[in-house]
Amino acid sequence: MSLSNAKLLELYRKMLLVRSMEETHGKLLQEGKIQLMGHFGTGQEAVAIGVTGPLRPEDILFGTHRGVGEFIGKGMTPKDIWLEYLGKKAGPCRGKGTLHLADRKLNIPGLVSSLGADFSMAVGTALASKMRRTDQVTLYYVGEGTCNQADAHPSMCMAALWKLPVVFAVCTNQFCELSYMCDHYPTDDVAPRAAGYGIPYEVVDGQDIAVTYEATERAVAHARRGQGPFLVEYKTFRMATHFTGDPGHYVNPEEREQWAARDPIDLCRKKLLEAAVITADADQKLRAEVQAEVDGAVREGFAAADPTVEDLFEDLYSGKGVL
Ligand SMILES: Cc1ncc(C[n+]2csc(CCOP(=O)(O)OP(=O)(O)O)c2C)c(N)n1
């Protein structure tokens, strides 16, 4: 099924929002206004937005440490994200999560710092959905480096054995932290591992939003129909370095340039212009609107109330916070 122009425009706006969120985060950090380091996903926007676009509100998303993109894709607003980043009482985790975003109302269980430990949690939520006879799908969004964690094996095995409604969405951005993927993998692709569990898989271009969205749509439909797990691997390139303090000396500049020529936002913009869905002026206006939304969210975040000392003792255990 090919994407409508209206859908393409909606996805384009979301990709702009993701980039603007990260650029603004980087700028505030450089200006010394915040101390919150970032793992940015610049260049990976078509993956983050394409994997979340086909999800329903009731579907469950496990995101990554590089993840403002998928959280925006699942419905978090810049305002909620900045309230949380700045540790404010009105944030979705009441300021206790900051970079470790979670949002119960959007079915985002939250980031686990020990990467890969949530492989089994995603299988657990998919099992719960199946036992409750819902048609909810869990999407486990994960980097290729994290797929080398030991938990991947039993998780995929059980998901396949029990035909659980889970999609493993692997973002292959060429890097595993501070080194190239090829330093960790004897193969070019991660996806064929799925065949060992009888899980169907696809490897797709991660730069084209229509491709990422439609591949995810097929995988989610498969899981929702009760046919069990599906794995999609999206090939992209991390234009940002691993984290904001990483000079990235290990990155091959020529390769980076080649990928930059296929920037996902530029590709989508080109399609929209060619199809006369937007004009260059309308695009400028849209970008200004998006930046204004992010700037407004940052302003509101700074102005919002901090938690009190008493608030620190809330949410620790189910009763009133007594240690
Ligand atoms: C269990 C564990 N080991 C190591 C780390 C440190 N670490 C943080 S990000 C990262 C790289 C993960 O690579 P990948 O999954 O490909 O994601 P990418 O950073 O490329 O987006 C590592 C090793 C961690 N958080 N958890």
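The values are calculated or read from the model by the stated rules, or taken from the named source; none is laboratory data. These numbers come from a predicted model, not from an experiment. A quick note on method: Cβ atoms are made from the backbone with ideal geometry, for glycine too, and the neighbour counts reach across all protein chains shown. Remember, those area values only see protein heavy atoms, side chains included, never the ligands or the DNA or RNA. Shrake-Rupley method; radii C 1.70, N 1.55, O 1.52, S 1.80 Å.
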For the stretch 103-120, what are the residues that are more than 14 Å from the ligand (Cβ to nearest atom) and part of a helix (DSSP H, G or I)?
104, 105, 106
Kindly evaluate residue 244 against the criterion of being farther than 29 Å from residue 134 by Cα, out of contact with any Cys (no Cβ under 9 Å at 6 or more places or on another chain) and not aliphatic (A, V, I, L, M).
yes
Within the stretch 121-142, considering residues that are in a helix (DSSP H, G or I) and free of Cβ contacts under 8 Å to residues at least 24 places away in the same chain, the one most open to solvent (accessible area, probe 1.4 Å)
131
List pairs: first in the stretch 143-154 and free of Cβ contacts under 8 Å to residues at least 60 places away in the same chain and closer than 17 Å to residue 197 by Cβ, second open to solvent by 60 Å² or more (accessible area, probe 1.4 Å) and near the ligand (Cβ under 10 Å from one of its atoms), Cβ under 7 Å, 6+ apart or cross-chain?
148/184; 149/115
Across the stretch 66-90, the tally of residues that are assigned to a loop (DSSP other than H, G, I, E, B) and in contact (Cβ under 8 Å) with a residue 60 or more places away in the chain stands at 8
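Working carefully through the options 232, 204, 170, find the one that is open to solvent by less than 20 Å² (accessible area, probe 1.4 Å), without any contact (Cβ under 8 Å) to a residue 60 or more places away in the chain, part of a strand (DSSP E or B) and of a type outside the set (D, E, K, R).
Going through 232, 204, 170 in turn, just one is open to solvent by less than 20 Å² (accessible area, probe 1.4 Å), without any contact (Cβ under 8 Å) to a residue 60 or more places away in the chain, part of a strand (DSSP E or B) and of a type outside the set (D, E, K, R): 204.
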Based on this model, can you work out whether residue 238 counts as under 20 Å from the mean Cα position of the chain (by Cα) and assigned to a loop (DSSP other than H, G, I, E, B)?
yes
So residue 155 fits all but one of (1) within 11 Å of the ligand (Cβ to nearest atom); (2) surrounded by 23 or more Cβ atoms within 10 Å (Cβ to Cβ); (3) not hydrophobic (A, V, I, L, M, F, W, C); what number is the exception?
(1)
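Being touching a helix residue (DSSP H, G or I) at 6+ places or on another chain (Cβ under 8 Å), within 18 Å of residue 22 (Cβ to Cβ), surrounded by fewer than 19 Cβ atoms within 10 Å (Cβ to Cβ) and not aromatic (Phe, Trp, Tyr) is the requirement here; does residue 64 meet it?
No, not satisfied.
Restricting the search to the stretch 216-229, which residues are outside any loop (DSSP other than H, G, I, E, B) and either crowded, with 20+ Cβ neighbours inside 10 Å or of a type in the set (A, V, I, L, M) (or both)?
Those that are outside any loop (DSSP other than H, G, I, E, B) and either crowded, with 20+ Cβ neighbours inside 10 Å or of a type in the set (A, V, I, L, M) (or both): 216, 219, 220, 221, 223.
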Can you tell me which of 24, 52 is hydroxyl-bearing (Ser, Thr, Tyr) and more than 12 Å from the chain's Cα centre (by Cα)?
24
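Pick out, from the stretch 241-323, the helices (runs of 4 or more DSSP H) lying fully within it that include 3 or more residues that are buried (at least 16 other Cβ atoms within 10 Å of the Cβ).
Of the helices (runs of 4 or more DSSP H) lying wholly inside the stretch 241-323, those with at least 3 residues that are buried (at least 16 other Cβ atoms within 10 Å of the Cβ) span 264-274, 280-303.
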